[in-house]
Amino acid sequence: KELDSAADSLHDSRLAASVPFAAQMEELIHSLELPYAVFEVALSDVPVSASGKDGVAFRFSSTGKNAVDIAKCASGGELSRIMLALKAMRARFANMPTMIFDEIDTGVSGSVADKMGSMICKMGEKMQVFAITHLPQVAAKGSAHYIVSKEMDSATSKATTRIERLDGDSRILEVARMLSGSSLTDAAIANAKSLLSI
């Protein structure tokens, strides 16, 4: 009886939270250049367990029609945006001291990457955020920059990972390298300065 009562109470809480949660998720997803996207929370009955008696699924449609299970319809870029929106929601309410993003911007570029970088920075106002990225639009928004490299010792066949803080010109040159590849151009350096607001 106690288990059923607790499961019923949890179900009621989930049901009450599902609509406002989905609405806030939609708002965040829309801000990441998916203006017609629909995000829904679907509850289903499952055998009672330590997690209650609900199965919880997230449903999504980028076109605003026929939302289905995210795993069945979302592209890589859409999944990246949805995941960032979920993390932003979690950061708002979970009081976490640190969050680490490992290429959460996979599958996006251009203005979407810029908006994702801005969302990550906003999260950084309330917590410490580490973002591992290959996108200059995201990297340029950071307040501290580090480059991680791996070196292989041919004699021992061991790999050594190094991390180095970038300051001043080294920041500019690394963002320029992200923009243009191995050969740095004056245009890439100027663009890097612009991205870094220098």
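The values are calculated or read from the model by the stated rules, or taken from the named source; none is laboratory data. On a predicted model such as this, the values are computed, not experimentally measured, just so you know. Every residue, glycine as well, gets a Cβ built from its backbone with ideal geometry; the counts of neighbours run over all protein chains shown. For accessibility, only protein heavy atoms count, side chains too; no ligands or nucleic acids. Shrake-Rupley method; radii C 1.70, N 1.55, O 1.52, S 1.80 Å.
Note on segment 72-92: residues that are of a type in the set (Gly, Ala, Ser) and over 30 Å from Gln128 (Cα atoms) total 0.
With respect to the conditions (1) modelled with pLDDT of 90 or more; (2) surrounded by 10 or more Cβ atoms within 10 Å (Cβ to Cβ), Lys158 lacks only one, and its number is (2). Taken together, the criteria exclude Asp45 from residues that are open to solvent by less than 20 Å² (accessible area, probe 1.4 Å), of a type in the set (D, E, K, R), assigned to a strand (DSSP E or B) and within 29 Å of Asp8 (Cα to Cα).
Applying the condition of being part of a helix (DSSP H, G or I) and surrounded by fewer than 11 Cβ atoms within 10 Å (Cβ to Cβ) to segment 1-12 and asking which residue is nearest to the chain's Cα centre (by Cα) yields Asp12. Pairs linking a residue in segment 19-38 that is within 13 Å of Arg59 (Cβ to Cβ) to a residue that is open to solvent by 60 Å² or more (accessible area, probe 1.4 Å) and not in a helix (DSSP H, G or I), with Cβ atoms under 7 Å and 6 or more positions apart or on different chains, are Ala22/Glu40. Examine segment 131-148 for a residue that is more than 25 Å from the chain's Cα centre (by Cα) and over 24 Å from Arg81 (Cα atoms), and state whether such a residue exists. Taking every residue of segment 131-148 in turn, none turns out to be more than 25 Å from the chain's Cα centre (by Cα) and over 24 Å from Arg81 (Cα atoms). Pairs are defined by a Cβ separation below 6 Å, a sequence spacing of at least 6 or placement on different chains, a first member in segment 103-123 that is closer than 13 Å to Glu33 by Cα, and a second member that is open to solvent by less than 30 Å² (accessible area, probe 1.4 Å) and among the acidic types (Asp, Glu); the pairs so defined are Ala113/Asp105; Met116/Asp105. The numbered conditions (1) open to solvent by 20 Å² or more (accessible area, probe 1.4 Å); (2) within 20 Å of Leu28 (Cβ to Cβ); (3) of a type outside the set (Lys, Arg) are all true for Gly117 except (1). When only residues in segment 175-198 that are part of a helix (DSSP H, G or I) and among the β-branched types (Val, Ile, Thr) count, which is least open to solvent (accessible area, probe 1.4 Å)? Checked segment 175-198; the qualifying residue least open to solvent (accessible area, probe 1.4 Å) is Val175.
When every residue of segment 24-40 is checked against the conditions, none turns out to be more than 21 Å from Ser80 (Cα to Cα), under 26 Å from the mean Cα position of the chain (by Cα) and open to solvent by less than 60 Å² (accessible area, probe 1.4 Å).
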